[in-house]
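Below is one structure, written out as structure tokens; the observations come after it.
The values are calculated or read from the model by the stated rules, or taken from the named source; none is laboratory data. Note that the structure is a prediction, hence the values are computed from the model and not measured. For neighbour counting, all protein chains shown are included, and Cβ atoms are generated from backbone atoms with ideal geometry for every residue, glycine included.
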């Protein structure tokens, strides 16, 4: 049964076919059965089906076509708003306006997001994560009208696969596991663990296309450069605080 | 196939039975097939099987018995160390010593953790998440010898179920989903959404046992009080910075 999980791949192109509301609700209900901190369910999912709203969300995701072409876009949010409202209505003094509480809710939201993806994939749907969510959280908050104590942490596009691409590579298992304690990587380890990745023709082409010397430079200079990371760190930290988590 | 996901529950008591290394590796390899930011695989999993090491980890998890009685304890870490080492060896200047990069790696680690859980459950194993990981990250870093740019974000205990408890309640689906934009909760919404949870005899007993007036007070005064959250916020922020992510 785990064979399906092992063979999965990200799907960015979808058929022009709606996802029935009953199925979507079933998948969400299934996802909400995952573990959650203290059974507090510190998350909310915003369901976008409306084309105008997809258009409004698109710029926050750097206009990746998957946002406007997927039948459903789901924004998973760390949400302490509902829980805090419950506390206040029950004569209980909430103390959740801090970083640890934000991070706990973010973990809850990520667990649910991933379980939704797996449930969807087991039903023949395809998904794509949008890492842009934490870059442009302020715009997403505005478009989705997210109140205090609610932060978007990831977005998923979902639909029936139009094209099923080949699986992309992964590092060998030993690259990501450590027995008992962390054994740091020697230069020889790095060479060995990245050898296959660096040998792939598509990755070599990627270097040429970007006029770089090494694959790593494509990441540091083009895809995830320092200046961007630092800019989006400030933006994200700022909005977490503005939404009510003080630190 | 999603019926198994829907019927899942957390397992805290395990049989005295090892998990074969081949199966564990297979489950990890399956989990590593989940989405990861830019295919960077910004995570590491520390596998604890040794009893002495479980004993050393236990205090960081407030001595929850599941840590020392599970055959396997897995600590999932946000890991930019390996990627940064790769960049440095490839004449590329990494710019990943910031909050956004830490958070990206944390998301990667959470996605993988949840997929591991699902794969394990589909193979008849049971899991329990330990939310204590972000509280006592400094001790965990010391015990597991985690280098700069590596932060533990969650821990999972795994084993063959000894006792399968009943499923615990969840809020009704409508509590956690919003159509197109966020509709904030009125007091009447909160009353309706929490009605079933508050009516359950085990939750009413929970109030009595803790000498409280409401279930919410058990959370705010006993389980997750403000002073603890604020203390562990400072500890966690401090260690994230000490491990090299500047903000």
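Taking the range B:36-50, which residues are within 20 Å of residue B:13 (Cα to Cα) and more than 7 Å from chain A (Cβ to nearest Cβ)? Selection gives B:49 alone. A residue that is within 11 Å of chain A (Cβ to nearest Cβ), assigned to a strand (DSSP E or B) and over 21 Å from residue B:236 (Cα atoms) occurs nowhere in the range B:79-95. Criterion applied to B:183, B:197 was being free of Cβ contacts under 8 Å to residues at least 60 places away in the same chain, surrounded by fewer than 17 Cβ atoms within 10 Å (Cβ to Cβ) and more than 20 Å from the chain's Cα centre (by Cα), and the one residue passing it is B:183. State whether the residues of the range B:60-71 include one that is under 20 Å from the mean Cα position of the chain (by Cα), crowded, with 24+ Cβ neighbours inside 10 Å, at the interface with chain A (Cβ under 10 Å from one of its Cβ atoms) and in contact (Cβ under 8 Å) with a residue 12 or more places away in the chain. No: zero hits.
The number of residues in the range A:154-163 that are surrounded by fewer than 24 Cβ atoms within 10 Å (Cβ to Cβ) and either within 28 Å of residue A:84 (Cβ to Cβ) or free of Cβ contacts under 8 Å to residues at least 40 places away in the same chain (or both) comes to 1.
Looking across the range B:134-153, the residues that are surrounded by 24 or more Cβ atoms within 10 Å (Cβ to Cβ) and assigned to a helix (DSSP H, G or I) come down to B:134, B:137, B:140.
For the range A:114-137, filtering for residues that are touching a residue at least 60 places away in the same chain (Cβ under 8 Å) and either within 21 Å of residue A:229 (Cα to Cα) or more than 7 Å from chain B (Cβ to nearest Cβ) (or both) leaves 15. Do we have residue A:75 as within 20 Å of residue B:108 (Cβ to Cβ), more than 8 Å from chain B (Cβ to nearest Cβ), in contact (Cβ under 8 Å) with a residue 24 or more places away in the chain and assigned to a strand (DSSP E or B) here? Judged against the criteria, residue A:75 is a match. Give the residues of the range A:154-186 that are outside any loop (DSSP other than H, G, I, E, B), more than 7 Å from every other protein chain (Cβ to nearest Cβ) and more than 27 Å from residue A:201 (Cα to Cα), sorted by residue number. The answer is A:155, A:156, A:157, A:158, A:159.
So that you can scan it fast, the table gives a plain yes or no per residue for (1) more than 7 Å from chain B (Cβ to nearest Cβ); (2) at pLDDT 95 or above; (3) touching a strand residue (DSSP E or B) at 6+ places or on another chain (Cβ under 6 Å):
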| residue | (1), (2), (3) |
| --- | --- |
| A:1 | no, no, no |
| A:7 | yes, yes, no |
| A:10 | no, yes, yes |
| A:15 | yes, yes, no |
| A:24 | yes, yes, no |
| A:34 | no, yes, no |
| A:52 | yes, yes, no |
| A:58 | yes, yes, no |
